Amino acid sequence: MHELAERLLKTIRKQQSIRAGDRVAAAVSGGADSVALLCLLLELRSELGIVLSVAHVNHKLRGEESDEDERFVANLARQHGLELHVRDAPVNRSHSSGIEAAARELRHGFFRQLAREGRVTKVATAHTLDDQAETVLLRIFRGTGIRGLSAVHPRIVFEEQGRAFGELVRPLLGFRRAALQEFLRERGQSWREDSSNRDIAFLRNRVRHRLLPMIAEEFGEAAAEHMAELAEIARAEEEHWEHGHPEIAAASPAAESKQAAEKVRFVSGYRLVSGYRFSDTASSSKSATPLGAAESKQAAEKAGFVSGYRFSDTASSSKSDAPLGAAVRPQTRPPASLPLAPLLALPLAAQRRLVRGWLETNAPDLSISFRLIEQALELARGSPDKGPAGKRPAGTRLELPAGRNLRLGRQELLLEMEPFRAPGDAPDYEYALAVPGTVEVPELGACIEARVVDAGRVPEDERGQLLDLGRMPKQILIRNWRPGDRFWPAHTAAARKVKELLSDRHATGPEKKLWPVAVAEGCGLVWMRGFAVPAAFQAPTEASHAIRIREINTP
């Protein structure tokens, strides 16, 4: 038995992640990691007493190359006499959370279906220690807490309505990618190379091919192992908080506590074995997610993705705790409430946990950052210049993205979830734009074009509009700006709210509402009509070619 197979056997038995009699599908993309996983499980299947099969999802992202991957995996399964579960699952490139997150959702949906239909009991994926280290770094750059640092989890149970019907396991999380590739070379086993894994337009690839090698060179190969150990520590810490602190649940609103518990346990039908919420992205956060392309906080802010929130001290003259203007602007959903007294009686760490859980339960699509949690607590406590919360006027609000508001009531925080829209208000829009390419935006009566241009032919006074060809992804999202958006035009002092930038231009009414911006996955706002692009994304002065985004009026 190969040394790696012995290590894997010990890992599986220690974690009890695969048991005798399990019908295990190895998720094989064709890449080295997944092919190595399949070969190792083939070597161990008699010892483990499992029925092994192969699962493959073709996302059609790379045309003929994707089809070649599928044929390679099919041949591999046929060579070893294994059943093949295969699905074509083209990815919607306009998916709001990004291509990678959309592809992951499709794969996991397929794995769930295999388990629900009883064709498999376990699906094994080939996430490695290197993947774990990358994820830890990505979470840190995006901004994260203990839950985020727990990164990629070794096991996930598929559940629906409290019934478990399958499990996803990641037995290679303690294995290095280089060791797996060496194992395949020793066996003379080939694998497929995904060309997109070399595309540094994707942030994970920049971490993989640039940052991690630099860290290994400067601090040693053990640095990646230490990051994986940090994830393991974070998982245990998170479990302790989830199960060892009933005072947090006790402080939750009684009517919502059961719902909150369910939300923690079940997210899109997944439950982590240890009780954590399932999250592998990068942003979803909605973040898969809003991470600046640069590797430092300063450069990230220059990328323009810094989320913005605003305090609005517009106290209602009424003694009512109803939303401001509720007499003429009724909401269709009542605001969610969080009582102040039990919240403020908790230690600071527990306060943060409670606010985060409350927001996640009532606004699951909201991107929740450390900054937002701190501002919510500041609203609850009262700022130093305004005294305790009881002295702050009811109606003081914290403006959130997507038009939501956190509002201070007399004895509770209120989350207003459905903003009022007056008749005739311009609707939001968003369209995927290939780079290079053109997309029609009917709301503007125009097209938005992203074109590769000869940088030398662009007039000097227009070069501020040029984007670095090497930094731009293959697809961006064109949409109107939203509350909370920030943009940092080159040669300005700091990032500012888009709302303020447009007010400086005296934009009003529908023109202001519909003003277009471009959002790149993992980078935030990279273009805004009529403004210089962020310095972090500007084409270098020596660049021969660049990307230029322009609005073209249609007849």
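The values are calculated or read from the model by the stated rules, or taken from the named source; none is laboratory data. If you're wondering where the values come from, they're calculated on a predicted model, not measured in any experiment. We place every Cβ from the backbone using ideal geometry, glycine too, and count neighbours over all the protein chains shown.
Could you please let me know if L406 is aliphatic (A, V, I, L, M) and out of contact with any His (no Cβ under 9 Å at 6 or more places or on another chain)?
Spelling it out, L406 is indeed aliphatic (A, V, I, L, M) and out of contact with any His (no Cβ under 9 Å at 6 or more places or on another chain).
Residue by residue through the stretch 194-211, note down the ones that are part of a loop (DSSP other than H, G, I, E, B), more than 26 Å from V24 (Cβ to Cβ) and not β-branched (V, I, T).
Matches in the stretch 194-211: D199, A201, F202.
Could you tell me whether Q181 is in contact with a helix residue (DSSP H, G or I) (Cβ under 8 Å, 6 or more places away or on another chain), under 26 Å from Q79 (Cα atoms), assigned by TED's automatic domain parsing to the domain that holds R235 and assigned to a helix (DSSP H, G or I)?
yes
As an exercise: evaluate I476 against (1) surrounded by fewer than 16 Cβ atoms within 10 Å (Cβ to Cβ); (2) within 26 Å of the chain's Cα centre (by Cα) and give the number of the one condition it does not meet.
So the condition that I476 fails would be (1).
Need the failing condition index for I215 against (1) farther than 25 Å from G522 by Cα; (2) more than 21 Å from the chain's Cα centre (by Cα), just the number.
(1)
So which pairs qualify, if the first residue must be in the stretch 333-352 and loosely packed, with under 12 Cβ neighbours inside 10 Å, the second must be of a type outside the set (S, T, N, Q), the Cβ gap must be under 6 Å, and the two must be at least 6 apart or on different chains?
R333/M417; R333/E418
What do you reckon, is L406 at pLDDT 85 or above, surrounded by 14 or more Cβ atoms within 10 Å (Cβ to Cβ) and in contact with a strand residue (DSSP E or B) (Cβ under 9 Å, 6 or more places away or on another chain)?
For L406, the condition - at pLDDT 85 or above, surrounded by 14 or more Cβ atoms within 10 Å (Cβ to Cβ) and in contact with a strand residue (DSSP E or B) (Cβ under 9 Å, 6 or more places away or on another chain) - is met.
Just for the stretch 144-163: of the residues that are out of contact with any Lys or Arg (no Cβ under 8 Å at 6 or more places or on another chain) and part of a loop (DSSP other than H, G, I, E, B), which one is farthest from F175 (Cα to Cα)?
The extreme case among them is Q161.
Say we look at the stretch 101-160 and pick out the residues that are of a type in the set (F, W, Y) and at pLDDT 90 or above; which of these is surrounded by the fewest Cβ atoms within 10 Å (Cβ to Cβ)?
In this case the residue turns out to be F110.
Give me a count of the residues in the stretch 25-51 that are within 18 Å of L180 (Cβ to Cβ) and within 32 Å of the chain's Cα centre (by Cα).
16
Which strands (runs of 3 or more DSSP E) sit wholly inside the stretch 434-515 and have at least 1 residues that are under 29 Å from S367 (Cβ atoms) and either outside the structural domain of M528 (by TED's automatic domain parsing) or basic (K, R) (or both)?
Those strands (runs of 3 or more DSSP E) span 475-480.
Quick grid of which residues meet (1) out of contact with any Gly (no Cβ under 7 Å at 6 or more places or on another chain); (2) modelled with pLDDT of 85 or more:
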position: V328; (1), (2): yes, no
position: T361; (1), (2): yes, yes
position: E378; (1), (2): yes, yes
position: R381; (1), (2): yes, yes
position: A389; (1), (2): no, no
